[in-house]
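Computed from the coordinates by the stated procedures, all read-outs in this text should not be read as laboratory data. This structure is a prediction, so every number in the text was calculated from the model and none was measured. Backbone-built Cβ (ideal geometry, glycine too); neighbour counts: all protein chains shown.
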Amino acid sequence: MPKEKTKQTTLDERFITEIDGNKFIQLAGLIDLGHKRGLSKIEVDIVQLPSSDNENFAVCKCVVVSKDQEVFSEVGDASPANTNSRVSKHLLRIAASRSLGRALRIFTNAGLVCLDELGDLDDVIGSGKGKNNLVDIKKKTKPRTNTKSKPAANGNGSGKSKISDAQYRAILNLSRRRNMSDDELKNMSKEMFNSSVENLSVSDASSFIQSLQQSA
C-alpha cells in the first residue's frame, strides 16, 4: 500500500517579498499557511468607523479559529497618517487586512511582518540592517529619546481630538496580550508621549497602538 504523503505545513517562499534587505510575508501567504495548519474560521468585525470626529481612524478586530477550536485575535488600524495616500480612501479595508494579517501571524507563529501592515514602502527603504528587523510603519512616530523634552500632543487644550473609546480598548487589549501591568503601560505612555493613556490624542494613540503591535 503506497505511503500517504505528509502535508506540507511550512511557508511557501513564493509569498515572501524582500525589500531593501527586509523580508515580508504577503497576506495571501499567511492565509495559505493558516489553511495548512488547520484554519477553521475567520471573522472580522468593525470596531470603529473612520470619521471626521476621530481623524478618519478605522479600527477592526479579527478572530481566527483553528480546527482544534483555539482562538486567536488581534486588532488592526488605519488612518491617513499611517497609510499611503494612494490607498487612504480605503481605510476600513486596510484596517481589516491588517487585523487579519496580525491574527494570522499569531496563529501561524510567522516571524515576518505582513506586507499589508506597511504604511508606505518609503518606510522600508534604507531601514534594512538584517533579515528579521521590524520596520517602523509610521515615520512620524516620536522617538523615545526626544519625547520627554517636547510637550504632549493630547486632547487637553492642544486643539487635537482626544483618544477614542475604540483606541483606548485596543491599547488595553494589546497590553494584556503582551502581559504588561497597568504600571508598565502607564510608564510607557508617559515616556513616549509625556501623557497618560486617557489623555492621548487620536494621532498619538494611533502611534502607541502601532508600537504595541510591532512588539508582537
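Applied to segment 74-79, the Karplus parametrisation 6.51 cos²θ - 1.76 cosθ + 1.60 on θ = phi - 60° returns per-residue 3J(HN,Hα) values of 7, 10, x, 10, 8, 8 Hz, with x for Gly and Pro. Scanning residues 5 or more positions from VAL113 or on other chains, those with amide H under 5 Å from its amide H are ILE25, with H placed 1.01 Å from N in the peptide plane. Using the Karplus relation 6.51 cos²θ - 1.76 cosθ + 1.60 with θ = phi - 60°, the per-residue 3J(HN,Hα) values for segment 23-28 come to 9, 10, 9, 7, 4, 4 Hz, with x marking Gly and Pro. Cβ-Cβ distance of GLU70 and LYS36, R₀ of 22 Å, FRET efficiency by 1/(1 + (r/R0)^6): the value works out to about 0.90.
Distant-in-sequence amide contacts of ILE19, defined by a placed amide H-H separation under 5 Å and a gap of 5 or more residues or a different chain, comprise PHE24.
Here ILE25, ILE19 are placed in order of increasing Cβ neighbour count within 10 Å, fewest first, which gives ILE19, ILE25. Checking the cross-link pairs LYS23/LYS61; LYS41/LYS89; LYS89/LYS162; LYS61/LYS162; LYS89/LYS186; LYS41/LYS162 against a 31 Å limit on the alpha carbon distance flags LYS89/LYS186; LYS41/LYS162 as lying beyond it. Just to verify a number: FRET efficiency for ALA28 and ASN84, C-beta to C-beta distance, R0 = 22 Å, to 0.05? Step by step, r from the Cβ atoms, then E = 0.70.
Inter-label distance, ASP20 to ASP45: 3.8 nm, where each label sits 7 Å from its Cα along the C-beta direction. 3J(HN,Hα) along segment 195-206: 7, 6, 4, 5, 9, 5, 7, 4, 5, 5, 5, 4 Hz, from the Karplus curve 6.51 cos²θ - 1.76 cosθ + 1.60 with θ = phi - 60°, whole Hz, x for Gly and Pro.
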